[in-house]
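The structure under discussion appears below in the form of structure tokens.
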């Protein structure tokens, strides 16, 4: 499961992706539209700003806007920033690998083999889906999932 903070970050970025290019959106507008507590949203947007996803503009016409095009920001990048590694087991993490404490050997672990497929397919979806994709009629389905159907 993703955290509430990650859900809010994804929802805030969705609002910014739908905004006119170069048109900042005020925090209060994002908070109202997405029913996100304003103080929590401020923290989230600060994290997103530090990571280079958004920029802020001051003044009467100020607010937040995407720093990169929506087509270049993936759900996976944002989830990894907010929630950390995208892996169901520590031995499957690409960014924070840790051997499982009770493991006798990764090559012989049936659980790892099953969840490695889950992790790979999850990453395929998250890192191939951008914030521009849902703005169209349907987000593209990665080839790995088409084979599964």
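The values are calculated or read from the model by the stated rules, or taken from the named source; none is laboratory data. Only a predicted model underlies this, so the values are computations on that prediction, with no experimental measurement involved. Positions of Cβ are backbone-derived with ideal geometry, glycine not excepted, and every protein chain shown enters the neighbour counts.
Structural remarks
- Residues in region 56-71 that are in contact (Cβ under 8 Å) with a residue 60 or more places away in the chain, surrounded by fewer than 18 Cβ atoms within 10 Å (Cβ to Cβ) and touching a strand residue (DSSP E or B) at 6+ places or on another chain (Cβ under 7 Å): 1 in all.
- Any chance residue 36 is surrounded by 19 or more Cβ atoms within 10 Å (Cβ to Cβ), outside the structural domain of residue 122 (by TED's automatic domain parsing) and in contact (Cβ under 8 Å) with a residue 60 or more places away in the chain: no
- The sole residue among 68, 80 that is modelled with pLDDT of 90 or more, part of a loop (DSSP other than H, G, I, E, B) and under 18 Å from the mean Cα position of the chain (by Cα) is 68.
- Of all residues in region 1-25 being out of contact with any helix residue (DSSP H, G or I) (no Cβ under 8 Å at 6 or more places or on another chain) and either surrounded by fewer than 14 Cβ atoms within 10 Å (Cβ to Cβ) or in contact (Cβ under 8 Å) with a residue 40 or more places away in the chain (or both), the one that is farthest from residue 61 (Cα to Cα): 1
- Filtered residue count, region 24-45, keeping only those that are assigned to a helix (DSSP H, G or I), out of contact with any strand residue (DSSP E or B) (no Cβ under 9 Å at 6 or more places or on another chain) and within 18 Å of residue 78 (Cα to Cα): 6
- Tally of residues being surrounded by fewer than 17 Cβ atoms within 10 Å (Cβ to Cβ) and in contact (Cβ under 8 Å) with a residue 12 or more places away in the chain across region 110-119: 2
- Residue ID - surrounded by the most Cβ atoms within 10 Å (Cβ to Cβ), chosen from residues in region 87-98 that are part of a loop (DSSP other than H, G, I, E, B) and in contact with a helix residue (DSSP H, G or I) (Cβ under 6 Å, 6 or more places away or on another chain): 87
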